[in-house]
Amino acid sequence: MNKATLMFLALVPATLQAATWNHALEAGYSRSSGNSNVESLFFSAKIQYEAERYGAEAAGKLDKQATDGKLTKAYYLIQAKAKHYFFHQRSSYLFAAAQWEQDEPNGQLDSWSLTGGPGYQWHLPQKQTLSIEAGAGYQHSDYTDDSRDYEGVVARLFAAYTYPVNDAVTFQADTLSFFDQERHLNTTNLKVESTLGQRLSLGAGFEYRYNSKPDLGKKSEDTTLRLTLKYAF
């Protein structure tokens, strides 16, 4: 075994030790209005990796809608993102993001995108953070009505804000928009989270989704209220 291989093997444990892994599972109750005025069971999972100059995260969520006690249509979302920070201060970075979505109540059979671009994170007083990303890439959208389909270039804008109200309560907000030749898509989330212990937290959230050109006969706006319990490890 040559010296280069030995040095690489020696660096791997130190790199893994310096990195931070975070995981979270969340479940709860949702109440939707817009294209569906029903109650839902909500589930989500998230994994996050942070190193000195790199970061990555993946998340998925599911809303199983119930009508008259029976599970009917569902909303699925899977997101993944990788970051490369330019400096040790972890402010400016490049990102690559992937997203897959299926919104059965809205008539969206399948939608996925691959985007990338620059991002910047501000570390504000009182442990507040503000992040903004602007990028472009490729998107494919398939609707029940074929005239609503789209495949081509897309622009992506994202912003996220976190404010620790105190040691137990945190306010979070984020908004994600996609712009293509056919439509403007936006998802905005507001959430208040309160810790119940070292690993458990209770959350109350509001989600707003907008589609400027929805499926035929569907509404452009959907809103969801959620109460969830999260386990972080």
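The values are calculated or read from the model by the stated rules, or taken from the named source; none is laboratory data. The shown structure was predicted, so the numbers you read here are calculated from the model rather than taken from an experiment. FYI the Cβ positions are ideal-geometry reconstructions off the backbone, even for glycines, and counts take in every protein chain you see.
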Fill in: Single residue of segment 208-233 satisfying the filter (within 22 Å of D180 (Cα to Cα) and within 16 Å of the chain's Cα centre (by Cα)) that is surrounded by the most Cβ atoms within 10 Å (Cβ to Cβ)
R209
Worksheet item: Would you call P105 surrounded by 14 or more Cβ atoms within 10 Å (Cβ to Cβ) and more than 17 Å from the chain's Cα centre (by Cα)?
Response: yes
Worksheet entry | R156 surrounded by 15 or more Cβ atoms within 10 Å (Cβ to Cβ), at pLDDT below 95, among the charged types (D, E, K, R) and within 26 Å of T223 (Cα to Cα) | no
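This table checks each residue for (1) among the small types (G, A, S); (2) in contact with a Leu (Cβ under 9 Å, 6 or more places away or on another chain); (3) assigned to a strand (DSSP E or B).
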residue: G55; (1), (2), (3): yes, no, yes
residue: R90; (1), (2), (3): no, no, no
residue: F95; (1), (2), (3): no, no, yes
residue: W112; (1), (2), (3): no, no, yes
residue: W122; (1), (2), (3): no, yes, yes
Worksheet item: Any residue in segment 179-186 that is in contact with a strand residue (DSSP E or B) (Cβ under 6 Å, 6 or more places away or on another chain) and either among the β-branched types (V, I, T) or closer than 28 Å to Q89 by Cβ (or both)?
Response: no
Worksheet item: When segment 35-47 is examined, which residues are found to be surrounded by fewer than 16 Cβ atoms within 10 Å (Cβ to Cβ) and within 12 Å of the chain's Cα centre (by Cα)?
Response: A45, I47
